[in-house]
Amino acid sequence: MKKQNAVRGAVASPYLVWTLLFIVAPLLFVLWFAFTDASGAFSLESIKGLSTYGRTFVMSIGFSLIATVVCFLIGYPLAYCMSKASARSRSLLLVLLMLPMWTSLLVRTYALMALLDNGGIISNALSGIGLLKDQHLNFIGTEGAVILGMIYDFLPYMVLPIYTSMTKLDVRYIEAANDLGCNGLQTMFRVILPLTRPGIVSGLTMVFVPSISTFYISQKLGGGSFDLIGDTIERQFQNAVTYNTGAAISLVMMVLILISIGIMNRFTDSQEVVVR
Amino acid sequence: MNKDVLIRLNGISKSYDGETVLDNMDLEIHDKEFITLLGPSGCGKTTTLRIIGGFETPDTGDVFFNGERINDMPPYQRQVNTVFQRYALFPHLNVFDNIAFGLRVRKTPSEEIRTKVKEMLALVNLRGFEKRKVTTLSGGQQQRVAIARALVNQPKVLLLDEPLAALDLKLRKDMQVELKNIQQTTGITFVFVTHDQEEALSMSDTVVVMANGRIQQIGTPTDIYNEPVNAFVADFIGESNILDGVMRKDFAVRFAGHDFVCVDGGFGENEAVDVVIRPEDVDVVAPEKGMLKGDVTGVTFKGVHYEIIVDVEGFKWMIQSTDYVAEGQTIGLSIDPDAIHIMKKSEFSGMFGDYSSFSDEFDKLDKLPEEDAEESEEE
Amino acid sequence: MKNVSRIYMTLIFLLLYAPILVVIFFSFNEAESLSHFEGFSLSWYAELFEDDEALTALRNSLILAVVSSLSATVLGVIAAFAIDRTKRKWVARAMESVSNIPMMNPDIVTGVSMMLLFVGIAAIIHSQPFLGVWTMIVAHTTFNLPYVILSVLPKFREMDRSLSEAALDLGCTPFKTFFRVELPYILPGAISGMMISFALSLDDFVISHFVSSPDFRTLPLYIYNQTVHDVKFSMYALCTLIVFAVLAVLIVVNVTGSFRASRQRRKAGQRQ
């Protein structure tokens, strides 16, 4: 028995070493950088300095909450409609949904930019039909554009897990609800919504987490006028002097996200993991 | 019977998380015999089998194979093969490759493998099934493949862990006969684990009745049925009325308020004993002619006979009779001396043998949760 | 009701695809304009294929995806095996949670933490920062690892333990048992884990952004670099190609999937 354990340990060791070296150690380095200064001495300066980023945090959380809620409001009915479609159209719809998910975020954001940009399609179209007289409408740089970018980029991540739990839903529950006197809307709120909760929770997580940490969307669509947490972190790592601040902000964001995932998971018993 | 001891278990104990599963167990298994470990869920029979197979190591005690201590020998070096409870056929291999598995691991020439697998398929009546996927086979067919896969390695001993449990009744009866035939043709020692007493009685040379991690009785099926050593064995094997009695002297016993002549002796004078009377050994007679008198409280038609529950001064007897009696009727019971079996008092005295709350369903209800408990504990 | 749902789906998918369709359309525009289509042309594609940097980036992306998905699969299978065989439940759960960290954390945090690891180690051993192809491979393997575990672990969990015991019983050493019985059993999980890893690795921008150096640039990094300043029409061409490549893969996966399903259905029919 002892020998078996030793063998098992030896087999598992590459994985354990890898985990310690490349999953645990990096997080320790974040901690270390967050609590030191550029010279490597212990310091709370970076943590204290975070108060200047209060506005950034509030704005990031606000934007990503709005994006998450809107994604849910659009995505839940979409998932429901998809799950009701015939088997053949379901597989087509699924391909349509997955295509943007597997197309690079950069490509999608860039494409959206082509639509919203000064001299972009919308602006051109509006002036084309005479609504804009020789002036260009630039959506880039507005709050709306950034939030729209988040919604547009991450909507499929909301739909897919909800759709999955809808298709797993046993039709007999719905029939039972109808049998017991629920009309369509009552069935939706009393049966379907609670039973698809695991999908909802992972959908919310899968939109909220990338929204709050994005920097490409805000760089491109925000036109540089909106500094979200992601942008702030990214900028700190352009230059070795500000690594410590960057680590401190990353640390706070990580804790923030862990807390929100923790809260969300309280709403579901299932151990469903966030996958795309 | 050949009396060469092939496997000897010496003072084996095993516990999981502080719960004793096997308690100081001794057992000898002889060459070429069909031995069955019989007992309810959680009695330790499967653990015993797994210790012989090498999947568990005993906490204390030794396992000997042909006189050699094999406690630390891994399963792949033992001359023992197993037919697993849910067959454990490899889903990624077809029937031929499943059976050939053990031979290939031992690097047998492929020509020889082909011949041997063919032989085995013939033995288990599966000619022509070579290319079939195992997942497309019925339960009975999978069972046969599992047996062939084990036997093709020509083990000294074949271990069978409740191999028939997943089959339906009809198929189970057929397989019982077939297994016995295979055992006799191959001359391999079979160690068979079951909780089904009928299976044990009809197939085995030797039955080992186990309860609470201990062996209760070892003997031929006839011995076990006719001469149970304690209330547990009497109750577990067949139906039994078990009464408190006092041995007056040799060949005289008092129970149910009467003195009876019996054929057992060798007990102390006025020693308290358990008395077993099989339901089929009680004759129904007119009330005034009976040794005992009672009221019929239940009658169930069972096809071959009626099962009659009779209340004799508060103790409910079960009687099997081909004659119909009506519920509420008063009848007399007559018992021959050789129908009375006397046993020493044991830890099981008073736990079994009264049919006052008897019901088939209760029996099943009682068993279900226990079985679950055993599964999780032995995983 | 049917119509409402059809209209709703059409509307949302149109909105979802509008930007992509526009980009595809104008990538064939002769002029560098998003308003006037002045004739069909492949000039932007030609420009793209003359760009050595783009081709190198594509090659780098493929190399990285192959290497990191293979190594993640090997590590992930070992990890799932170790997690499954760990007797103490809380240890197994802890191992699983730690492995999941790169999947739960935002990519930016994973990227930043890996970068700090490499920078920190370089500082400790007083070497030059060594960001490049090796740090990319390590980072990609690490963030792919949880996805492999996620698709392999259930296979190990559902596997009947007596299958392994049967192999031992039939003469396999534990080592042979793994390769002859356990590995074939979990193989479908390992393959789908590998495919997911491959795709994630090709797609990743954020983590690569932090652990890369200019001498090993992947396709997403190249796109990022090209789009920092102004609009480039050759990027529209590249976007179009990427969308069609993804579409092709999805269709192949979907068609083989339904092909398999229909074959199974036919088999089931034959047996009846």
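The values are calculated or read from the model by the stated rules, or taken from the named source; none is laboratory data. Source: prediction; values computed, not measured. Neighbour counts run over all protein chains shown; Cβ positions are idealised from the backbone, glycine included.
Counting the residues of the range B:98-113 that are more than 19 Å from C:Lys176 (Cα to Cα) and surrounded by 15 or more Cβ atoms within 10 Å (Cβ to Cβ) gives 1. Condition test on B:Gly42, is it over 19 Å from the mean Cα position of the chain (by Cα) and farther than 21 Å from B:Gln183 by Cβ? It is false that B:Gly42 is over 19 Å from the mean Cα position of the chain (by Cα) and farther than 21 Å from B:Gln183 by Cβ. Against the numbered list (1) of a type outside the set (S, T, N, Q); (2) touching a helix residue (DSSP H, G or I) at 6+ places or on another chain (Cβ under 6 Å); (3) under 26 Å from C:Thr142 (Cα atoms), A:Leu28 comes up short only at (2). When each of B:Glu178, B:Glu119, B:Glu162 is tested for being more than 10 Å from chain C (Cβ to nearest Cβ) and more than 28 Å from the chain's Cα centre (by Cα), the lone residue that passes is B:Glu119.
Looking at the range B:217-236 only, could you name the residues that are surrounded by fewer than 22 Cβ atoms within 10 Å (Cβ to Cβ) and touching a residue at least 24 places away in the same chain (Cβ under 8 Å)? Give the derivation first.
Going residue by residue through the range B:217-236, those that are surrounded by fewer than 22 Cβ atoms within 10 Å (Cβ to Cβ) are B:217-223, B:225-227, B:229, B:235.
Of everything in the range B:217-236, those that are surrounded by fewer than 22 Cβ atoms within 10 Å (Cβ to Cβ) and touching a residue at least 24 places away in the same chain (Cβ under 8 Å) turn out to be B:Ile218, B:Tyr225, B:Asn226, B:Glu227, B:Val229, B:Asp235.
Can you pull out every residue in the range B:120-177 that is charged (D, E, K, R) and within 24 Å of B:Ile52 (Cα to Cα)? Answer for the range B:120-177, where residues must be charged (D, E, K, R) and within 24 Å of B:Ile52 (Cα to Cα): B:Arg144, B:Arg149, B:Lys156, B:Asp161, B:Glu162. Being at pLDDT 90 or above and surrounded by fewer than 19 Cβ atoms within 10 Å (Cβ to Cβ) is a property that holds for A:Pro77.
May I ask you to list the residues in the range B:321-358 that are assigned to a strand (DSSP E or B) and over 23 Å from the mean Cα position of the chain (by Cα)? First the steps, then the outcome.
Going residue by residue through the range B:321-358, those that are assigned to a strand (DSSP E or B) are B:321, B:330-335, B:341-344.
Answer for the range B:321-358, where residues must be assigned to a strand (DSSP E or B) and over 23 Å from the mean Cα position of the chain (by Cα): B:Ser321, B:Thr330, B:Ile331, B:Gly332, B:Leu333, B:Ser334, B:Ile335.
From the set of residues in the range B:57-80 that are buried (at least 17 other Cβ atoms within 10 Å of the Cβ) and assigned to a strand (DSSP E or B), which is nearest to the other protein chains (Cβ to nearest Cβ)? Full working, then the answer.
Of the range B:57-80, the ones buried (at least 17 other Cβ atoms within 10 Å of the Cβ) are B:58, B:61, B:63, B:65, B:70, B:75-76, B:78, B:80.
From what is left, the residues that are assigned to a strand (DSSP E or B) are B:61, B:63, B:65, B:80.
Numbers: B:Gly61: 15, B:Val63: 15, B:Phe65: 15, B:Val80: 8 Å.
Across the range B:57-80, the extreme among qualifying residues is B:Val80.
The helices (runs of 4 or more DSSP H) falling completely within the range A:1-82 that include 2 or more residues that are over 30 Å from A:Ser225 (Cβ atoms) and out of contact with any His (no Cβ under 7 Å at 6 or more places or on another chain) map to A:2-19, A:25-34. Those helices (runs of 4 or more DSSP H) of the range A:171-276 in which 1 or more residues are within 12 Å of another protein chain (Cβ to nearest Cβ) and over 28 Å from A:Gly40 (Cα atoms) occupy A:184-187, A:197-213, A:216-221, A:243-265.
Given the structure, is C:Ala72 touching a residue at least 12 places away in the same chain (Cβ under 8 Å) and either at the interface with chain A (Cβ under 9 Å from one of its Cβ atoms) or under 25 Å from A:Met206 (Cα atoms) (or both)?
On the way: touching a residue at least 12 places away in the same chain (Cβ under 8 Å): yes; either at the interface with chain A (Cβ under 9 Å from one of its Cβ atoms) or under 25 Å from A:Met206 (Cα atoms) (or both): yes.
So C:Ala72 passes the test.
Taking the listed residues B:Lys14, B:Lys32, the one that is basic (Lys, Arg), in a loop (DSSP other than H, G, I, E, B) and either in contact with a strand residue (DSSP E or B) (Cβ under 8 Å, 6 or more places away or on another chain) or over 21 Å from B:Gln197 (Cα atoms) (or both) is B:Lys32, with no other qualifying.
Would you confirm whether any residue within the range C:228-238 is within 21 Å of C:Phe26 (Cα to Cα), facing chain A (nearest Cβ under 9 Å) and surrounded by fewer than 21 Cβ atoms within 10 Å (Cβ to Cβ)?
In the first step, residues of the range C:228-238 are kept if they are within 21 Å of C:Phe26 (Cα to Cα); the result is C:228-238.
Of the ones still in play, those that are also facing chain A (nearest Cβ under 9 Å) are C:228, C:231, C:235-236, C:238.
Applying the additional criterion that residues be surrounded by fewer than 21 Cβ atoms within 10 Å (Cβ to Cβ) yields C:228, C:231.
Within the range C:228-238 (the criterion being within 21 Å of C:Phe26 (Cα to Cα), facing chain A (nearest Cβ under 9 Å) and surrounded by fewer than 21 Cβ atoms within 10 Å (Cβ to Cβ)), the answer is yes, since at least one residue qualifies.
In summary, C:Leu34 fulfils each of the numbered conditions (1) of a type in the set (A, V, I, L, M, F, W, C); (2) more than 7 Å from every other protein chain (Cβ to nearest Cβ); (3) within 15 Å of C:Thr240 (Cβ to Cβ) with the single exception of condition (2). Taking the residues in the range B:268-305 that are assigned to a strand (DSSP E or B) and polar (S, T, N, Q) as candidates, determine which candidate is surrounded by the most Cβ atoms within 10 Å (Cβ to Cβ). Within the range B:268-305, the match that is surrounded by the most Cβ atoms within 10 Å (Cβ to Cβ) is B:Thr297.
Could you pull out the residue among C:Ala92, C:Ala79, C:Ala123 that is touching a Leu at 6+ places or on another chain (Cβ under 8 Å), in a helix (DSSP H, G or I) and among the hydrophobic types (A, V, I, L, M, F, W, C)?
On the way: C:Ala92 fails: touching a Leu at 6+ places or on another chain (Cβ under 8 Å); C:Ala123 fails: touching a Leu at 6+ places or on another chain (Cβ under 8 Å).
The conditions single out C:Ala79.
Being in contact (Cβ under 8 Å) with a residue 12 or more places away in the chain and either in contact with a Cys (Cβ under 7 Å, 6 or more places away or on another chain) or surrounded by fewer than 19 Cβ atoms within 10 Å (Cβ to Cβ) (or both) is the filter here, so list the residues in the range B:187-212 that pass it. B:Gly187, B:Asp196, B:Leu201, B:Ser202, B:Asp205, B:Met210, B:Ala211, B:Asn212 - these are the residues of the range B:187-212 that are in contact (Cβ under 8 Å) with a residue 12 or more places away in the chain and either in contact with a Cys (Cβ under 7 Å, 6 or more places away or on another chain) or surrounded by fewer than 19 Cβ atoms within 10 Å (Cβ to Cβ) (or both). The residue that is surrounded by the fewest Cβ atoms within 10 Å (Cβ to Cβ), among those in the range C:102-117 that are out of contact with any Pro (no Cβ under 8 Å at 6 or more places or on another chain) and at the interface with chain A (Cβ under 7 Å from one of its Cβ atoms), is C:Met104.
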